[in-house]
Amino acid sequence: MKIPPRVCSFLWRLARQCLPTRVNLTTRGIPCDDTCVMCESLAESHMHLFFVCTKAMDCWDRINLGNHIRELLHRANDFTIMLFDFLDRLPSYQQHAAAMLLWSLWKSRNIKLWDSLDTTTASTVSRAKDTLHEWRCMQRARPQPQNQDHITSWKKPPEGVLKCNIDAATFSHNTVTGFGMCFRNFKGQLLMGKSALLQSFGSVLEAEAVAMLDALLTAIAAGYHDVMFETDNKILADAINSSFV
Ligand SMILES: [Zn+2]
C-alpha cells in the first residue's frame, strides 16, 4: 500500500493486536479502567475501538464504509482476520483511505486520553485525508532514488512453503513489549495471526528472540511444515543463521 511509513508501521501493530488498548493492558495485568476512551461505555478492545465504537462508526459512515463494516461484523469473531478481510475486499484507493482512517482513529483516541481533547468526526476524517494528501505531494516532489535495491517489500514464499513474519516492539515508555506473527501461504493468504503482550524485556533483541521462539512453537503446534521465518532484526537473523547457535 502506498501510504506513509508511520501508517504502515501502525497497521502492522494493529494487525498483531499489539496496540496498548485498555483491554490489552488489563489482560496483561496492568491495572487500569478498561472502558473505551472514546465512547466511555464499552470495553476498549481492538474490535470495539476500530469497528464497533459509535465514534469510529460515525467516521466510517462519513467515508461510506460503515455498511461494509457492519456486514463483516455479522460473521467476525477474530479482529485480525476481520481487518484483513475488510482491507482485502476494498479497491486500492479505498484501502488507502481505510488505512489512514484507522491510524487517525487511534490518534484521536490518544489525544483524548493524554490531552483530554475531543476530536470531531469531521476532524478525524480530515486528518486521515490531509495526511495522505500531504505525504503524496511530498513523494511527488522528492527525486526518485536511482537504486531501489534497499527497498524491501513482502515477498511470497515458494509454492508449498509457508512464510511467518515476526516483529516485536516496545511501548508505554518501554514498560510493555508486544510481539506478533502471521503465517501466510504462497498465495499471500493469511492462515493465522497471533500477538502477545509481555512485561518489558531488557532489549528489543531479547523480545525479538522470544517472539521467534514463540513462532517456532506455534508452527509446530499447528502442524506446519516447510515454514520460512522472516524477521527485520538483522542481529537475530545473523545469530540464528550463524553456526554458533
Ligand atoms: Zn467506544
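Throughout, read-outs are computed from the coordinates displayed, never taken from laboratory work. Remember, it's a predicted structure, so these values are computed and weren't measured experimentally. Don't worry about glycine lacking a Cβ; one is built from the backbone with ideal geometry, like all the others, and counts go over all protein chains shown.
Of the helices (runs of 4 or more DSSP H) lying entirely inside segment 1-107, those carrying at least 3 residues that are farther than 18 Å from T119 by Cα, in contact (Cβ under 8 Å) with a residue 40 or more places away in the chain and aliphatic (A, V, I, L, M) are 5-15.
In the set V210, V227, which member is in contact with a Cys (Cβ under 6 Å, 6 or more places away or on another chain), in contact (Cβ under 8 Å) with a residue 12 or more places away in the chain and surrounded by 14 or more Cβ atoms within 10 Å (Cβ to Cβ)? Lay out the reasoning, then the answer.
Working: V210 fails: in contact with a Cys (Cβ under 6 Å, 6 or more places away or on another chain).
Result: V227 is the single residue among V210, V227 that is in contact with a Cys (Cβ under 6 Å, 6 or more places away or on another chain), in contact (Cβ under 8 Å) with a residue 12 or more places away in the chain and surrounded by 14 or more Cβ atoms within 10 Å (Cβ to Cβ).
Among the residues of segment 1-43, which ones are basic (K, R) and closer than 30 Å to Q139 by Cα? So that I can check it myself, show each step before the final result.
Of segment 1-43, the ones basic (K, R) are 2, 6, 13, 16, 22, 28.
Across segment 1-43, the qualifying residues are K2, R6, R13, R16.
Every condition in (1) farther than 27 Å from K194 by Cα; (2) surrounded by 15 or more Cβ atoms within 10 Å (Cβ to Cβ) is met by I69 except one, and the failing one is (1). For segment 113-126, the candidate set comprises residues that are more than 21 Å from the chain's Cα centre (by Cα) and buried (at least 16 other Cβ atoms within 10 Å of the Cβ); within that set, the residue that is farthest from M38 (Cα to Cα) is T121.
Summed over segment 32-54, the residues that are more than 12 Å from R22 (Cα to Cα), within 8 Å of the ligand (Cβ to nearest atom) and within 20 Å of the chain's Cα centre (by Cα) give a count of 2.
Of the residues Q17, Q95, only one is surrounded by 15 or more Cβ atoms within 10 Å (Cβ to Cβ), away from the ligand (no atom under 16 Å from the Cβ) and more than 13 Å from the chain's Cα centre (by Cα); which?
Working: Q17 fails: more than 13 Å from the chain's Cα centre (by Cα).
That would be Q95, the only listed residue that is surrounded by 15 or more Cβ atoms within 10 Å (Cβ to Cβ), away from the ligand (no atom under 16 Å from the Cβ) and more than 13 Å from the chain's Cα centre (by Cα).
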